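Here the structure is laid out as structure tokens; the discussion comes afterwards.
Laboratory data are not the source of any read-out in this text; all were calculated from the coordinates shown. Just so we're clear, the structure is a prediction, and the values are computed from it rather than from any experiment. So basically every Cβ, Gly included, is an ideal-geometry build from the backbone, and we count neighbours across all protein chains shown.
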């Protein structure tokens, strides 16, 4: 077995990918294979209930979306880790057969770990840690010793880890059971999920639509309730886009709040806009429990870049936000580059009404220097001229993927170029060190200007404080057809400014409520194409999620404000379902 090194490339990268995919298929227990519906069955969320694989108890276990409730039953011994892991593993394999969301499947190893956790509780009478017995899925970046980490590259097939990533180590120490790894896009630089090794991951709400990316495997898996808690990463929206598209909760923490050491990545060494890990769940409680467990483990003792900042109950109690009694939110209805589709506007109006009913203040957010921030961030991402991606792909001869559009059944409105190419131009120029430094210098100035802009809202809120959080779309649309997620700036804005940001599911597209609106004065040809994309029948039933944007390094406050928004939305969600 090699250790963190790539085995010599096979003569044909396609053969290597085919063999790896076959290996994955053979890792699925034969008894867990189901009869899958035809491709024209778009919503597959009901299949776990109808396919006959899951027992009533396993359905009860996997339908328990409150991670706190799961942990309570695991800690009491009411449910064993072996049975909980088995239940979620079976549902994960169902999800795999329907959406192609997994990469590494290691059933025996995961169940052995679950048995160790059960034995510890039986012998000691105590839980192993704050995540005792909980199955957790990991994006295919977080290394697990002895397993391959391909990250969607043909040249990384055969690359086995000789150690766990730091976050994996912490999960084990907390008593968790890592049990599957999930699919990504090649290069990690797409808001969709497709690579030559494992193929395309689809959205279980509608398989004609994308699940988002690059943590799209996690998005599809958790939406199918094949995992109670998944861990993705985010450098431009990669946990928030899949969460918004798949109806999930998530958190994009600030730079280095969570440990990244030992995980694999693309464009390693680019540290001006850092990639960060983030949890993805079906209930906001899982976000809080994960963050507290990891921060209580003192990750800075294992990762030298991790910020030395413990979990703060004071900040969670909103000590710097008036104690949470009356908050002020600003809504970014539109970022001035692409106008959101009607379902996003309705979701934002729902948030405004719900928050005002709960006694909070809501004002409009005026976007400021958004094009400058977008151009700066994308220039930083592209500073190597694509060199990193090409070097990795050239090792096997695999081509660098140029589009997320499928070969068949492609939507006829697929754009010829993403918005970033319109802003930066088609040329991929490698910048000099000095040119990159100027971008870093500009980014600091932009962050200062944005801080001053935020602080100035104290004159409008009526609370005596600046806005406590911003609510905005995570994308100008709900999950679009494959190949059409071409704009990431609603999320990248937060990465560039390093704002702690959550996503909360708000509602679902309703073709009667979300009818097309008359055309507006378009900002650019992408905005026009985005307007033409909207089809209420196509998007009917798709989840609509929004971002809640807080300040740098105030993850605890963002979680608390997300809970407040989530609770306030309760009756509005119920009314929308009637």
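Over the alpha carbons of region 447-555, what is the largest minus smallest coordinate on each principal axis, giving the biggest first in Å?
Largest to smallest, the principal-axis extents are 44, 28, 25 Å.
Taking N as the number of residues in the chain, what is its Cα Rg relative to 2.2 N^0.38 Å?
Scaled against compact globular proteins, the figure is 0.91.
Which value, in nm² and rounded to one decimal, describes the direction-averaged projected area of the C-alpha convex hull of region 53-141?
Reported value for the Cα convex hull: 6.1 nm².
Would you give the gap between the C-alpha center of region 44-77 and the C-alpha center of region 367-414, rounded to a whole Å?
After rounding, the separation between the Cα centres reads 38 Å.
Output the relative contact order of region 208-338, whole-number percent, from Cα pairs under 8 angstrom with separation of 6+ residues.
This gives 22 percent for region 208-338.
Cα gyration tensor of region 107-159, axes a ≥ b ≥ c as square roots of the eigenvalues: rounded (a/c below 1.5), prolate (a/b > b/c) or oblate?
prolate
Using the alpha-carbon centroid of each, what span in Å lies between region 284-300 and region 496-535?
If you average the Cα positions of each part, the centres end up 32 Å apart.
Cα centroids of region 183-259 and region 91-108: how far apart, whole angstrom?
Centre-to-centre distance over Cα atoms comes out at 15 Å.
Starting with the fewest neighbours, write out 181, 349, 207 ranked by other beta-carbon atoms found within 10 Å of each beta-carbon.
The fewest-first ordering by Cβ neighbours comes to 349, 207, 181.
With each run of n ≥ 4 DSSP H residues scored as -39500 (n - 2.57), what mean residue ellipticity at 222 nm is computed for the chain after dividing by its residue count and rounding to the nearest 500 deg cm²/dmol?
After summing the helix terms and dividing by residue count, I get -11500 deg cm²/dmol.
Roughly what % of Cα-Cα distances in region 322-414 sit above 20 Å, to the whole percent?
Tail of P(r) above 20 Å: 66 percent of Cα pairs.
Using r as the Cβ-Cβ distance of residue 517 and residue 368, and R0 as 35 Å, what FRET efficiency do you calculate, to the nearest 0.05?
0.90
For the chain, what is the relative contact order in percent, using Cα pairs closer than 8 Å and at least 6 residues apart in sequence?
Relative contact order here is 16 percent.
Looking at region 315-578 only, what percent of DSSP beta bridges run antiparallel? Nearest 5 please.
65
Once label points are set 7 Å from the Cα along Cα→Cβ at both residue 41 and residue 312, what is their separation, rounded to one decimal in nm?
5.0
Note down the relative contact order for region 1-157 as a percent, whole number, built from C-alpha pairs under 8 angstrom at least six residues apart.
The normalised contact order for region 1-157 reaches 30 percent.
Taking each pair of different alpha-carbon atoms in region 338-494 once, compute 1/r for the pair, average those values, and report the inverse of that mean as the Kirkwood hydrodynamic radius in Å to one decimal.
18.8 Å is the Kirkwood radius here.
Could you list 200, 444 in order of exposure, starting from the residue whose Cβ has the fewest other Cβ atoms within 10 Å?
444, 200
Where does the Debye-calculated log10 I(q)/I(0) of region 203-352 sit at q = 0.14, 0.15, 0.18, 0.21 Å⁻¹, using only Cα point scatterers of equal weight, no solvent?
-0.85, -0.96, -1.27, -1.40
Stokes-Einstein D for region 315-578 at 37 °C, 0.692 mPa s, Kirkwood Rh over Cα pairs, in µm²/s?
Approximately 163 µm²/s, per Stokes-Einstein.
Can you run the Rg to Rh ratio on region 1-128? Use alpha carbon positions and the Kirkwood inverse-distance Rh.
1.05
When DSSP assigns beta bridges and you keep just the ones with both residues in the chain, what percent turn out antiparallel, to the nearest 5?
70
How long are the semi-axes of the equivalent ellipsoid of region 153-259, taking √(5λ) for every eigenvalue λ of the Cα gyration tensor, in whole Å from largest down?
21, 18, 14
Could you line up 408, 99 from fewest to most neighbouring Cβ atoms inside 10 Å?
408, 99
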